[in-house]
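Have a look at this one.
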Amino acid sequence: MQEIIDAQNAVNKKVTSLNPLFFFESWLPVIDNVIVHGRLLNMIQNTSFPLKPLIIGTVAEECLDFVYSNRPQPITPIEYIGLVLALFGEKGFKVVKQYPPDGEGDQRPLVARACTQWVFSCSTRVFARKAASYLYAFGYSSDTGNSIQCRGAHTCHGDELPFTFESFWTRFSDAGRRVSQSMATFWTNFAKNQNPNEPLRVALSWPKMTTANETYMLIQDPLQTGESYLKTDCDFWDEIGYK
């Protein structure tokens, strides 16, 4: 394990690509010691054969911890605009229009929101439209002390894992235990018969995603279902692209 961590730390110090999205993924998928080349979104869209049923989703504030860990000081509006233009070039003006500076103060919350949607939520929607059977957004707040790494009443990257596996049961509040039990039941049911709603009883039926409604489960307390998660923002990012 330590050798893998050391190798990852060494790679993360190097510039492996000029593509900003690749900054998050220094490692490439490998099948039988052969590197899988190409972008996953392109490959999945060009697939002609039926894909396996899938549960897929993201956490509500995936990028927040990344942003604050890498930028401990506030980001000014001018710095924010410069960052956007540096990342997106001529498309940056559209991004600034869609996500204008939020007042005169710290822009890190805005950066975290835009980053979450571009890097995680909206690219996941592209994948889900082709491959997913069930879509979710994990939004259970960490204000009860259940969070692994997030700041305050937020939900960050990786915070859903202990709930899925019920691994911190003694530390969960009653609400956290309800969320955890629901997640464990959904995933166990799906593993058994590719349907998260049976055979074990669930608190709320999880509708199957279709191209017509794009229904998703909002995992919080209480559970909720909705349609067209982040549609306006994700339609924008689909136009901008995920390169």
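The values are calculated or read from the model by the stated rules, or taken from the named source; none is laboratory data. Please read all numbers here as calculations on a predicted model, not as lab measurements. Every residue, glycine among them, receives a Cβ derived from its backbone with ideal geometry; neighbour counts consider all protein chains shown.
Is it the case, given these coordinates, that THR164 is within 16 Å of the chain's Cα centre (by Cα) and surrounded by fewer than 16 Cβ atoms within 10 Å (Cβ to Cβ)?
Yes.
Okay, moving on. So in region 191-225, with the set limited to residues that are in contact with an Asp or Glu (Cβ under 8 Å, 6 or more places away or on another chain) and not in a loop (DSSP other than H, G, I, E, B), which one is nearest to ALA175 (Cα to Cα)?
Ranking the candidates gives ILE219 first.
For region 213-230, indicate whether the set of residues that are charged (D, E, K, R) and within 13 Å of VAL126 (Cβ to Cβ) is non-empty.
yes
Does region 171-190 contain any residue that is aromatic (Phe, Trp, Tyr), in a strand (DSSP E or B), touching a residue at least 60 places away in the same chain (Cβ under 8 Å) and within 27 Å of TRP118 (Cα to Cα)?
The answer is no, given that none of the residues of region 171-190 is aromatic (Phe, Trp, Tyr), in a strand (DSSP E or B), touching a residue at least 60 places away in the same chain (Cβ under 8 Å) and within 27 Å of TRP118 (Cα to Cα).
Look through MET183, MET209 and report the one residue that is hydrophobic (A, V, I, L, M, F, W, C), modelled with pLDDT of 95 or more and surrounded by 13 or more Cβ atoms within 10 Å (Cβ to Cβ).
None of the other options fit; the residue is MET183.
Looking only at residues in region 130-143 that are of a type outside the set (S, T, N, Q), over 22 Å from GLN45 (Cα atoms) and assigned to a loop (DSSP other than H, G, I, E, B), which one is modelled with the lowest pLDDT?
For region 130-143, the residue satisfying everything is ASP143.
Restricting the search to region 211-230, which residues are of a type in the set (Val, Ile, Thr) and without any contact (Cβ under 8 Å) to a residue 40 or more places away in the chain?
Matches in region 211-230: THR225 only.
Quick one: would you say PRO109 is buried (at least 17 other Cβ atoms within 10 Å of the Cβ) and more than 28 Å from ARG39 (Cα to Cα)?
no
Sticking with this structure for a sec: What number of residues in region 56-92 are within 27 Å of PHE127 (Cβ to Cβ), touching a Pro at 6+ places or on another chain (Cβ under 7 Å) and surrounded by 20 or more Cβ atoms within 10 Å (Cβ to Cβ)?
Number satisfying all stated conditions: 0.
Same structure again: Please determine whether any residue of region 144-156 is at pLDDT below 90, touching an Asp or Glu at 6+ places or on another chain (Cβ under 7 Å) and under 16 Å from GLY57 (Cα atoms).
yes
For the condition of a type in the set (A, V, I, L, M, F, W, C), closer than 28 Å to PRO109 by Cβ and touching a Gly at 6+ places or on another chain (Cβ under 6 Å), what is the one hit in LEU223, LEU230, LEU218?
Within the list LEU223, LEU230, LEU218, the selection yields LEU218.
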